[in-house]
1. Which ordering of Val196, Val345 is given by a fewest-first count of other beta-carbon atoms within 10 Å?
2. Roughly how many debye, to the nearest 20, is the charge dipole of region 70-215 about its Cα centre, given +1 on each Lys and Arg Cβ, -1 on each Asp and Glu Cβ, and no other charges?
3. What is the set of long-range amide H partners of Tyr276 at a cut-off below 5 Å, with H atoms built 1.01 Å from backbone N?
4. Treat each spin label as a single point 7 Å out from the Cα along the C-beta direction, and report the Ser363 to Gln26 distance in nm.
5. Can you give the FRET efficiency to the nearest 0.05 for Ser158 and Lys2, using r as the Cβ-Cβ distance and R₀ = 41 Å?
6. Of Ile357, Gln71, Met231, whose Cα points farthest to the positive end of the dipole of the chain (charges on the beta-carbon: +1 Lys, Arg; -1 Asp, Glu; origin at the Cα centre)?
7. What is the dipole size for the chain, taken about its Cα centre, with +1 at each Lys and Arg Cβ and -1 at each Asp and Glu Cβ, in debye to the nearest 20?
8. How far is helix 122-142 tilted off the main Cα axis of the chain, in degrees rounded to 10, range 0 to 90?
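The numbers here are math on the coordinates, done by the rules we state, and not lab data. Everything numeric here is computed off the predicted structure, so don't read it as measured data. Positions of Cβ are backbone-derived with ideal geometry, glycine not excepted, and every protein chain shown enters the neighbour counts.
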Amino acid sequence: MKDYPASQAAFSHQGIPYESGEILRQPDLAATLRRIQEHGRDGFYRGITASFIVDAMNKNGGLITESDLTQYQAKERPPVRGTYRSFEIIGMPPPSSGGTAIIEMLNILEAFDLHDFEHNETSYVHLVTEAMRCAFRDRAKYLGDPDFEPMPVKKLCSKEYAARLQETLPLSYAGQSSPSDLTEPAESDETTHFSVVDSDGMAVAVTYTLEYSYGSGIVVPGAGFILNNEMGDFNAKKGLTTQAGLIGTSPNLAAPRKRMLSSMSPTILTRDKELYAVLGSPGGRTIINTVLLVALNLMDFEMSMKEAVEAPRFHHQWLPEAIYLEKKAASPSLTAGLKKMGHPVEAMGIMGHAHCILFDSKSGTLYGAADPRDRDSKASGL
């Protein structure tokens with residue numbers, strides 16, 4: 001942040017970091033929030049806040065104009081919905097890929113009795129990985145901003161499409177991912193999720209992101225907030241699909257007024273038309289599989305909310321081809337078994353920070369689980 005005085009002023013003492021126990025005051029941000037409270041969208045996209053943004057753009061070679069801000073409209077879109085066994089899945093629609101991908105993977109896995117598998121043993125990890133491979137390939141091929149790209153979300157979330165994928169699923173060996181099929185840019189893991197259920201049983205799953213930690217690192221002078229660097233979630237270049245994981249498909253190429261594809265996956269599960277669980281996590285593209293695995297832990301392995309969140313995780317995203325295993329999941333037998341089937345296996349540190357709530361309808365009790373992978377995690381009730 002050294003090149004941006006407003007950023008240094010907001011988050012340091014003239015370049016010296018705050019220490020634990022000191023009080024951080026953000027009066028510019030407080031004033032911005034007050035304008036939004038009093039004037040709604042016009043408190044941000046017009047007036048003094050908008051002028052602060054445009055001034056910052058003009059002084060730093062940015063592209064956003066007063067007209068851009070005035071014309072911007074937030075979009076409220078209906079969620080995607082699916083079913084898995086006796087559960088209903090309610091997820092985030094495009095331009096997030098999370099809800100569609102999770103429903104597609106669950107539809108594929110529904111044909112298998114996961115009770116017959118030992119949790120996180122070789123055949124289970126292989127099967128779920130192949131479902132992940134299918135969904136992330138389709139994510140790259142089809143999904144983007146629905147205002148710009150027609151996309152077959154209904155098909156991807158259908159049981160019929162999953163049935164066709166089930167027929168091609170390799171059950172005894174690793175499938176293959178190839179850039180000739182497609183590819184995509186790396187995403188950061190700097191995202192926040194929280195789950196809430198109130199005393200009336202109303203549930204909310206919220207995921208939001210700045211992209212990298214502190215976003216672009218640029219605080220808007222006078223307004224107090226940080227600009228994101230979310231543009232990195234667009235595909236870099238048409239046709240640039242590589243074995244390393246870059247993706248160059250058309251649906252997610254940058255364009256004026258276009259929203260970039262994300263992996264945010266706030267998800268609500270219901271059973272018998274009653275709330276069952278509220279799920280979500282940060283973690284870039286690992287978000288989708290984090291939510292999937294927590295959901296499977298609850299629905300198929302009947303874990304408690306705490307057990308489901310704390311269980312070791314694994315990740316596969318079509319490209320790169322490797323299965324990434326958290327340290328606690330990477331037992332010698334699992335690693336050897338997966339490699340024998342042809343899967344490249346790599347270790348990863350931690351995967352996601354799932355913050356979730358389970359509702360026990362019989363007792364009326366809410367069970368909150370804060371992920372121990374996150375040092376700032378917390379579950380609380382009033």
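1. Numbers: Val196 13, Val345 17.
Fewest to most other Cβ atoms nearby, the residues stand as Val196, Val345.
2. On the way: 12 positive and 23 negative charges, 100 e Å.
With only Lys, Arg, Asp and Glu charged at Cβ, the dipole is about 480 debye.
3. HN-HN under 5 Å from Tyr276: Leu269, Thr270, Arg271.
4. 3.7 nm
5. On the way: r = 52 Å, r/R0 = 1.26.
In this case the efficiency is close to 0.20.
6. The residue sitting most towards the positive pole is Gln71.
7. Details: 37 positive and 47 negative charges, 131 e Å.
The calculation lands at about 620 debye.
8. Taking Cα atoms only, the helix is inclined about 50 degrees.
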